[in-house]
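I have placed the structure first, in the form of structure tokens, so that the comments after it can refer back to it.
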Amino acid sequence: MRNVFTKKVNLFIITLILTVIAQSLSVPLIFGTSISIAPIIYLASIRIFGIRFSLLLVVSFSFVTYFLHISNTLIFLSIVEVLLIGGLYTKKGKDIFTWSFAYSLVIFLIYFLTLLFFIDSAVLANSITNFLVLQLIIALMFSALIADILCDYAPFIPKFKGWFQKRLRLHFGQIISHILIFSAVFPLLIVILVTSRGLENNMYQEFQNQYDQLEDRLQIKINEMDSAEIQNYELDSELEKAKIKSRLDNYIGFSDKRVYILDQNNDVWLDTKNQSIEDRNLHHIETGYVRDTPYAGYIWLSNNQQTLIDWYQGYYIGETSFLNKRTFLTIPMDNFVEEIILELIDYLIFVLAVVGVSLFFGIIVNRILSKSFIQLTQITSDLPEKMERQESFHWKETNIEEFSRLRENIKKVANQLQSMFVDAKKRNELLTARTNQLIDSEAKLYRLAHYDTLTELPNRYSFHIDLKEILNEKSLKERFAIVFIDLDKFKQVNDTLGHSGGDLLLKVFSKRLIQFEKDYPVCFYRLAGDEFVAIVTLAEEKDVQLLIDHMMEVVNQPLVINRKEMTLTASIGISFYPDNGKTIDDLLHYADSRMYEQKRVRHNQHD
């Protein structure tokens, strides 16, 4: 139990470390925004380990990234994502991507209602918040898609089989949906990343152009100044200051650009915006964060968090010199940032539309293919039984060419199977009839071999087989009796009534014996003519004699043959195993001799 708990703790720690690393390796987009790959891990953990594991993971992840100051703008929003998306997945099933799409629609609706009813409270332009919301939604859905793909296909990799509690089978339509959505969305995200880099580079290029133009204007002014004007400039002449400002005003025009010229004490000597003396300094810039650009100058941000809002409120600062004075060009970045953001919003909306369309067509493709395959499975699952029952083949028409051809091929196979089953049925009926004939013939042969045809009693052959089996099974201490029976004066019956009358007498006598078998432990056999034998499974002589007395009572009952009443008598001879013999011949010979002895005694008494 402790080992299982330790394994779970170790697994949780490893997953948490991987999630934090994934967050630190977020893909940068533009202006401090990035696409995090951490949601892939904690969304996938919902399907792999369950919502409790994922919720504990995301709470721990949020606190760790917060205290480590790892970039995570909406740090605790991931907890809400796991609660809602994980809860829907746990209760409703389906997949993570579907519920992430539903969650995104809810977020978008809440944001829209907020703008509609609380628009006065918006601090920045709507374009900034629009971009952040769209970027968040698309990043979440893409992470959910990747999480679903990993959870669906990773179990097929041998090393990852043990991670998954349930390995669900994939539908073909589901695979097509994944391919469709991923192939539609992933290239667009790459395009957005490349485009954002290009737009940012164009912004830097525009700053460089403005910087170059300022240097050109300043250089032209220097070339136009004579030595007297330069001397007046160095003496901080107001006249020269006015001339320089006029030149700079022509450069700035109606834009938000601003040029500072500092004196030897780094105080503002000239400001193109004519601000008050208190505002004519650049000391507030010293408290911010400076980011280099690929060209001349740098970007000033209010802090080192480098969020989108910081960029929106930032400045481009280019430094040059005008004769012996430091000169700065400052350009507010709000217009540039908003222009780029608006262009990226168009891309994000397009991506969102593509996701929706891909999801719609993915669902349709999934339903069409899954429905066709399910119908195909249902038809072919018991196809032989249906064909054997001669049921008609029915499959709805489809507009998919491959399935239409498959339908026709299966229909041909079904028709061939029906013909084959008809032929097989006829052959089976013929074979069954012949088999039944053979069985009947075998039964008749067996009856002829083991039973007497006249009396329907077992014959001599059966007697020898049965007695041999009894001798093999009986131990030396177990006794049984052999009773030899011979009808008296049977020859006179044949002479008086004919052979047909004698046969009839034997039949009546045998029926009495068969009826007697039902109530006593005895089995009768006909040896030949009027000779019969019985096996009596009794050990005591008195019990055997009592059985014979009952038998003779049955035998001696009067009977009518060809309208003549007569009474049967029989001579009896008894032998006991093992007293009178241990073989068939010995037992039979002893019983036969006793029978003839009894017959002789009766004959002498009659005479």
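The values are calculated or read from the model by the stated rules, or taken from the named source; none is laboratory data. If you're wondering where the values come from, they're calculated on a predicted model, not measured in any experiment. Note: ideal-geometry Cβ built from the backbone for every residue, glycine included; neighbour counts use all protein chains shown. The area values use the complete protein model at the heavy-atom level, side chains included, leaving out ligands, DNA and RNA. Shrake-Rupley method; radii C 1.70, N 1.55, O 1.52, S 1.80 Å.
Considering region 460-605, what Rg and Dmax in Å follow from its alpha-carbon atoms?
Computed over the Cα atoms of region 460-605, radius of gyration and Dmax are 15.6, 50 Å.
On a 31 Å Cα-Cα criterion, which of the cross-link pairs LYS491/LYS582; LYS444/LYS518; LYS91/LYS411; LYS444/LYS468; LYS542/LYS599; LYS507/LYS542 come out too long? Provide the component values of the computation, followed by the final result.
Details: LYS491/LYS582 33 Å; LYS444/LYS518 24 Å; LYS91/LYS411 42 Å; LYS444/LYS468 23 Å; LYS542/LYS599 21 Å; LYS507/LYS542 29 Å.
Those over the limit are LYS491/LYS582; LYS91/LYS411.
Across all directions of projection, what mean area in square nanometres is found for the Cα convex hull of region 200-339?
Hull-based average projected area comes out at 8.6 nm².
Arrange the peptides 312-318, 223-229 so that the one whose residues have, on average, the most other Cβ atoms within 10 Å appears first. Please report the intermediate quantities before stating the final value.
Working: 312-318: 21.4, 223-229: 10.9.
Top to bottom by mean Cβ count within 10 Å: 312-318, 223-229.
From the protein chains alone at 1.4 Å, what is the descending order of accessible area for PHE254, PHE336, PHE516, largest first?
Values: PHE254 215, PHE336 50, PHE516 15 Å².
Descending order: PHE254, PHE336, PHE516.
Report the accessible area of ILE535, computed with a 1.4 Å probe over the heavy atoms of all protein chains in place, in Å² rounded to the nearest 10.
10
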